[in-house]
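Notes follow the structure.
The values are calculated or read from the model by the stated rules, or taken from the named source; none is laboratory data. These numbers were taken from a predicted model, which means no experiment stands behind them. Every residue, glycine among them, receives a Cβ derived from its backbone with ideal geometry; neighbour counts consider all protein chains shown. In case anyone asks, the SASA skips ligands and DNA or RNA and just uses the protein heavy atoms, side chains included. Shrake-Rupley method; radii C 1.70, N 1.55, O 1.52, S 1.80 Å.
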Amino acid sequence: IAGITQAPTSQILAAGRRMTLRCTQDMRHNAMYWYRQDLGLGLRLIHYSNTAGTTGKGEVPDGYSVSRANTDDFPLTLASAVPSQTSVYFCASSDGQNSDTQYFGPGTRLTVL
Amino acid sequence: GQNIDQPTEMTATEGAIVQINCTYQTSGFNGLFWYQQHAGEAPTFLSYNVLDGLEEKGRFSSFLSRSKGYSYLLLKELQMKDSASYLCAVRDQEYQLIWGAGTKLIIKP
């Protein structure tokens, strides 16, 4: 693994189903983030984690949950998917250096029907 | 509320120079980022400004004026591979990134 990986790459999901998007990083970054990106809108923060064992809510947390059991993994769960959760989901981590730059995974394209 | 404004789309010619502007109104300021995003791909980091002035990195430069709430990304010697969306993001007082909707840059031969 090099950097951040996400799985699956894409998924079509029936409304009401539960879905977990996976994110793993091997850079030993403390902070990790989940964003959604919708056409015409900027990236919107769903949840974040500053360090293993802690999580926080972002701008659009409703309908999503996260956990951070260790440094490397930060899964995002949709408990009961709805069509408005159709989006591209990006996981990111930040290096904690002076700029604390965020680095992104390749994304998961999710369609909820 | 917090707001990041940048043009939706710009067109430029291969070999030319283009300037992409970003204005922001945020609760506090702890740095401004520019990212490049090719269609269907993840955003990739381009530049970071926290002090006023110009930061140059090869063909790309980024400028910041904190008093005006303004930044620009300058791309020189444009190449076809520079066709992408360019995202401006500001870190606010809560240390979270607030993102603009992005500027789609179209390069014509």
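Laid out as a table, the results:
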{"item": "So A:Thr5, is it open to solvent by 40 Å² or more (accessible area, probe 1.4 Å), assigned to a strand (DSSP E or B) and within 24 Å of B:Tyr86 (Cα to Cα)", "result": "yes"}
{"item": "Among residues of region B:2-18, those that are open to solvent by 40 Å² or more (accessible area, probe 1.4 Å), within 11 Å of chain A (Cβ to nearest Cβ) and not charged (D, E, K, R), counted", "result": "3"}
{"item": "Test set (1) among the aliphatic types (A, V, I, L, M); (2) within 13 Å of chain B (Cβ to nearest Cβ); (3) assigned to a loop (DSSP other than H, G, I, E, B); (4) in contact with a strand residue (DSSP E or B) (Cβ under 7 Å, 6 or more places away or on another chain) - A:Ile46 fails condition number", "result": "(3)"}
{"item": "Of the criteria (1) surrounded by 13 or more Cβ atoms within 10 Å (Cβ to Cβ); (2) out of contact with any Pro (no Cβ under 8 Å at 6 or more places or on another chain); (3) of a type outside the set (S, T, N, Q); (4) within 19 Å of B:Tyr24 (Cβ to Cβ), which one B:Leu87 fails", "result": "(2)"}
{"item": "Test for A:Gly107: is it small (Gly, Ala, Ser) and at pLDDT 95 or above", "result": "yes"}
{"item": "So B:Asp82, is it more than 14 Å from chain A (Cβ to nearest Cβ) and open to solvent by less than 60 Å² (accessible area, probe 1.4 Å)", "result": "yes"}
{"item": "Selection within region A:54-106 - within 11 Å of chain B (Cβ to nearest Cβ), closer than 13 Å to A:Leu21 by Cα, open to solvent by 10 Å² or more (accessible area, probe 1.4 Å) and in a loop (DSSP other than H, G, I, E, B)", "result": "A:Pro106"}
